[in-house]
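Trainee: The structure's right below; bear with me while I get my questions together.
Just so it is clear, none of the values below were taken in a lab; they were calculated from the coordinates. For clarity, every value in this text was computed on a predicted model and none was experimentally measured. Don't worry about glycine lacking a Cβ; one is built from the backbone with ideal geometry, like all the others, and counts go over all protein chains shown.
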Amino acid sequence: MAASDPTANAAPVVTALCVDGASYDRIGRVIRHLAVGLVDQAIHVRVLSTDPRVSSLEIGPIQAITRPLVRWPWRRRRLHALIESLSPQAPSLIHALAYESYEVAFALSEALDADLILQVTSLSDCYELMEFDAPAVRRFLVSSAALGEELQKRCGVVGDFITVVRPGLLVEEHPACFAKPERAVTVVCTSPFERDFGVDLLIEAIYLLRQRGVSLVAFLMGRGSTESALRRMVRARNLSACVVFARPLGDHIPALQNANIMVRPSADTAFSIDTLQALSAGLVVVTFPSTVCDYIRDGETAVVCQTPTAEAIADAMEHLVQDRDRARRIAVSAMNYVKTNHSISAMAERTAEAYRELVLQRSTFAMNKQFESAHCLSERELNRRVHGVEPEPAI
């Protein structure tokens, strides 16, 4: 006789997904895929957000709740109103998707005695976690193994409390890269118009390519405080005919499907869904090495410039334009990588598995919660926080 499933008669898992603007900007449509995938995994999903984009997630049984933007501390009346909006069944799990929603997630978890799960998709999330009570977190979900290592190093979190859940995306049937060779070479860049994001390097690279006789059209789809300076740079180099500032009105997918090359002219410190979308659409990506985005693999999923210069970007793009067969091979290889490592079903399954594991632990073990959560920290970090000292070195 087959062994009985300990979760067969368990109550349904009810989860509140705390979503914020940073979540939408960073992982975009992955949130929708995750919510729908969790419903397929028999998870009851409520989505809480201050961002009006949350309304698009109200699909079938998914409840989408727009909450007011309230800064810490969470007063009792405000918290009570938020809990009332989650009726009739209070969530047993609180899952925050980025640092802007960590505060409300901590408050809800404490008020409802619900297990707390934090998503880490950026180094900035790691920095923010240093300000919170890490032992209260029952599970950390990270987008890459590298982010898990950063979490252990910076916050002292024990590896057993970290689960890698790679964002899931749909993959196009055919690569967009040079699919229509008669068209002008089209380059897209979705990087923000901010310092250290390298959009100025891309503009300089296009100027160098024009001097070499390489013709292309680039669409800059970001926004930010340096836009005026970047526009002046384009005019000064007489590039207005081939560099277009295309402010994004929604999803980047339509633009990606009609481009050949995507340039990400900086080393990402966040798990960028834009670049992953470009790979899934079959573009060839030109970028710099990333310690966070493990899907950036030189020659397999992207062309990685080892030096962060305009010359390096120009050389990479010129080689791709001249050797279009190689460009398409890399694009196809990248699409296969996304299919294998970033499927929507795998993302939903691993997330639901983490949920059920916590629910099972809660129903099976009547442990002292403070004692249990303290094991989330390494010995060195626990001694530092509790006693203010480093442990004695081993003799």
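Trainee: Can you compute the charge dipole magnitude of the range 186-341 about its Cα centre, using +1 on each Lys and Arg Cβ and -1 on each Asp and Glu Cβ, nothing else charged? Give it in debye, rounded to the nearest 20. Show your work: numbers first, answer last.
Mentor: Numbers: 16 positive and 16 negative charges, 96 e Å.
Here the range 186-341 has a charge dipole of around 460 debye.
Trainee: Placing +1 on the Cβ of each Lys and Arg and -1 on the Cβ of each Asp and Glu in the range 205-305, which of VAL285, ALA302, SER225 has its Cα farthest towards the positive end of the resulting dipole?
Mentor: So the residue furthest toward the plus end is SER225.
Trainee: Using +1 on the beta carbon of Lys and Arg, -1 on that of Asp and Glu, and nothing else charged, what's the dipole of the chain about the Cα centre, debye to 20? Let's see the in-between values first.
Mentor: Numbers: 41 positive and 46 negative charges, 221 e Å.
Charge dipole of the chain: 1060 debye, to the nearest 20.
Trainee: Could you give each residue of the range 115-126 its phi-based ³J(HN,Hα) in whole Hz, using Karplus coefficients 6.51, -1.76, 1.60 with θ = phi - 60°, and x for Gly or Pro?
Mentor: Here the 3J(HN,Hα) series is 5, 10, 10, 10, 8, 10, 10, 7, 4, 5, 4, 4 Hz.
Trainee: If r is the Cβ-Cβ distance from ARG326 to SER55 and R0 is 56 Å, what FRET efficiency results, to the nearest 0.05? Could you put the intermediate results ahead of the total?
Mentor: Details: r = 44 Å, r/R0 = 0.78.
According to the calculation, E is roughly 0.80.
Trainee: Still on this structure, I have one more. With Cβ to Cβ distances under 13 Å as the rule, what net charge do the other residues near CYS177 carry (K, R +1; D, E -1)?
Mentor: Numbers: positive: LYS180, ARG183, ARG324, ARG326, ARG328, ARG329; negative: GLU172, ASP323, ASP325.
Charge balance near CYS177 sits at +3.
Trainee: Can you tell me, using C-alpha contacts under 8 Å and at least 6 residues apart, the relative contact order of the chain as a whole percent? Intermediate values should be presented prior to the final figure.
Mentor: On the way: 706 pairs, mean separation 68.9, N = 395.
Computed value for the chain: 17 percent relative contact order.
Trainee: Still on this model: Using every Cα-Cα pair within the chain, state what percent have a distance larger than 41 Å. Present the calculation step by step, with values, prior to reporting the outcome.
Mentor: Details: 16820 of 77815 pairs.
Tail of P(r) above 41 Å: 22 percent of Cα pairs.
Trainee: Another question about this same structure. Could you list ASP40, ASP115 in order of exposure, starting from the residue whose Cβ has the fewest other Cβ atoms within 10 Å? Can you show the working numbers first?
Mentor: Values: ASP40 12, ASP115 25.
With the sparsest Cβ surroundings first, the list reads ASP40, ASP115.
Trainee: Rounded to the nearest Å, what's the spacing between the alpha carbon centres of the range 142-169 and the range 82-134? Just the number, please.
Mentor: A separation of 17 Å, based on Cα centres.
Trainee: Report the semi-axes of the equivalent ellipsoid for the range 186-341 in whole Å, largest first, where each axis is √(5λ) for an eigenvalue λ of the Cα gyration tensor.
Mentor: Values: eigenvalues 103, 59, 42 Å².
Equivalent-ellipsoid dimensions as semi-axes: 23, 17, 15 Å.
Trainee: For the chain, modelled as a GNM with alpha-carbon contacts under 10 angstrom, which of PRO175, PRO167, PRO88 fluctuates the most?
Mentor: PRO88
Trainee: Let me ask something else. Please give the length that would be gained between ALA81 and MET130 if that part of the chain were fully extended, namely 0.36 nm times their separation in residues minus their C-alpha to C-alpha distance (nm, one decimal).
Mentor: Working: separation 49, 0.36 × 49 = 17.64 nm, distance 2.87 nm.
Residue separation times 0.36 nm, minus the Cα-Cα distance, leaves 14.8 nm.
Trainee: Full-extension gain between ASP196 and ALA246, please, as 0.36 nm times their residue separation minus the C-alpha to C-alpha distance. Display every interim value, and only then the final one.
Mentor: Details: separation 50, 0.36 × 50 = 18.00 nm, distance 2.01 nm.
This chain segment gains 16.0 nm when fully extended.
Trainee: Here's something else I'd like to know. Find the relative contact order for the range 186-341 and round it to a whole percent, using C-alpha pairs within less than 8 Å whose residues are 6+ positions apart. Show your work: numbers first, answer last.
Mentor: Working: 268 pairs, mean separation 36.3, N = 156.
About 23 percent, as a whole number.
Trainee: Moving on to the next point. Which angle from 0 to 90°, rounded to the nearest 10, does the C-alpha axis of helix 344-364 make with the longest principal axis of the chain?
Mentor: Compared with the principal axis, the helix lies near 20 degrees.
Trainee: What is the sum of charges, Lys and Arg at +1 and Asp and Glu at -1, for the other residues whose Cβ falls under 14 Å from the Cβ of SER228?
Mentor: On the way: positive: ARG195, ARG223, ARG231, ARG232, ARG235, ARG247; negative: GLU194, ASP200, GLU227.
Summing Lys and Arg as +1 and Asp and Glu as -1 gives +3.
Trainee: Continuing with the same structure: Return the percentage of antiparallel bridges among DSSP beta bridges fully within the chain, rounded to the nearest 5 %.
Mentor: Details: 2 of 45 bridges.
The answer is about 5 percent antiparallel.
Trainee: Angle between the Cα long axis of helix 199-211 and the longest principal axis of the chain, 0 to 90 degrees, nearest 10?
Mentor: Approximately 20 degrees, to the nearest 10.
Trainee: If you don't mind, another one. Between 0 and 90 degrees, rounded to the nearest ten: what's the tilt of helix 76-85 against the longest Cα principal axis of the chain?
Mentor: Value to nearest ten degrees: 80.
Trainee: Could you work out [θ]222 nm for the chain from helices alone, using -39500 (n - 2.57) per DSSP H run of at least four and dividing by all its residues? Round to the nearest 500 deg cm²/dmol. Numbers along the way, then the final one.
Mentor: On the way: 15 runs with 160 residues, N = 395.
Mean residue ellipticity at 222 nm (helix-derived): -12000 deg cm²/dmol.
Trainee: I need the phi-derived Karplus couplings for the range 189-194: 6.51 cos²θ - 1.76 cosθ + 1.60, θ = phi - 60°, integer Hz, Gly and Pro marked x.
Mentor: 9, 9, 5, x, 8, 9
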